[in-house]
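Beneath this line is the structure, given in structure tokens, with notes to follow.
The values are calculated or read from the model by the stated rules, or taken from the named source; none is laboratory data. None of the values given here were measured: they were computed from a predicted structure. Cβ coordinates were reconstructed from backbone atoms using ideal geometry, including for glycine residues, and neighbour counts include every protein chain displayed. Accessible surface areas use protein heavy atoms only, side chains included; no ligands, DNA or RNA. Shrake-Rupley method; radii C 1.70, N 1.55, O 1.52, S 1.80 Å.
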Amino acid sequence: MQFADLYQPLSDDARSRAQKVKLLICDIDGVFSDGRIYLGNHGEELKAFNTKDGFGIKALINSGFEVAVITGRHSQIVQQRMTSLTVAHIYQGQENKLQAYQQLKNKLQLTDEQIAYIGDDGPDMPVMELVGFAVAVNDAHPLIKRISHYTTMLPGGFGAVRELTDLLMLENGKSLTSEGTSS
């Protein structure tokens, strides 16, 4: 099965970049969620996550990839969700995402070209300019789309992460059918 059979044509450059990836780093707000934050009268915060994205993350991890999140906000909801997906590298409250990126890269002993990052807005730009495979969600800010090697068909919070995990798995010879669990 080809990626284009499921989503959209993939450039030779994007294909080549995807084949080198060992680590996927994701932003949260606007990528795993639609970017909206619901606040209750008593300070509670709610976010919606897509189970398709969760399946994709688990499948990617089960296929041998590393997965991390780097987010500017700090939220117990994010901690719970990422822990349930078995994401081992969770960096929250990172106003300077580049610092967390460098720590993670050194910890895992990877090169920039072995790392993919999916983002949607300005705080993601410094990391996206370094990684080997920069991906923008479909509804990302135009500046983020401009520096990306690939833009998803799907918007943040509505399967964009799953689209990227499918891309990485297919371009690295992995099956899409049995590696994850619904989450």
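Quick test for you: out of G156, G132, pick the one residue that is in contact with a Gly (Cβ under 7 Å, 6 or more places away or on another chain), open to solvent by less than 70 Å² (accessible area, probe 1.4 Å) and under 23 Å from A14 (Cα atoms).
Only one candidate qualifies: G156.
Just to confirm my filter: which strands (runs of 3 or more DSSP E) fall fully inside the range 1-118 and include at least 3 residues that are of a type in the set (A, V, I, L, M, F, W, C) and under 13 Å from the mean Cα position of the chain (by Cα)?
The strands (runs of 3 or more DSSP E) meeting that bar are 23-26, 66-70.
One line per residue, one yes/no per condition, for (1) in contact with a Phe, Trp or Tyr (Cβ under 9 Å, 6 or more places away or on another chain); (2) open to solvent by less than 40 Å² (accessible area, probe 1.4 Å):
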| site | (1), (2) |
| --- | --- |
| N50 | yes, yes |
| N62 | no, no |
| F65 | no, yes |
| G72 | no, yes |
| V78 | yes, yes |
| E113 | yes, no |
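Among (1) touching a His at 6+ places or on another chain (Cβ under 6 Å); (2) under 21 Å from L164 (Cβ atoms), which single condition is T71 missing?
Only one criterion in (1) touching a His at 6+ places or on another chain (Cβ under 6 Å); (2) under 21 Å from L164 (Cβ atoms) is unmet by T71, namely (1).
If you check every pair at least six apart or on different chains, which have Cβ atoms under 8 Å apart with a residue in the range 85-110 that is surrounded by fewer than 16 Cβ atoms within 10 Å (Cβ to Cβ) first and a residue that is assigned to a loop (DSSP other than H, G, I, E, B) second?
G93/T71; G93/G72; G93/R73; G93/H74; E95/G72; L98/L130; L108/K22
Matching residues to (1) among the aliphatic types (A, V, I, L, M); (2) at pLDDT below 95; (3) under 20 Å from A14 (Cα atoms):
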{"position": "L60", "(1), (2), (3)": "yes, no, yes"}
{"position": "E95", "(1), (2), (3)": "no, yes, no"}
{"position": "L108", "(1), (2), (3)": "yes, no, no"}
{"position": "A136", "(1), (2), (3)": "yes, no, yes"}
{"position": "Y150", "(1), (2), (3)": "no, no, yes"}
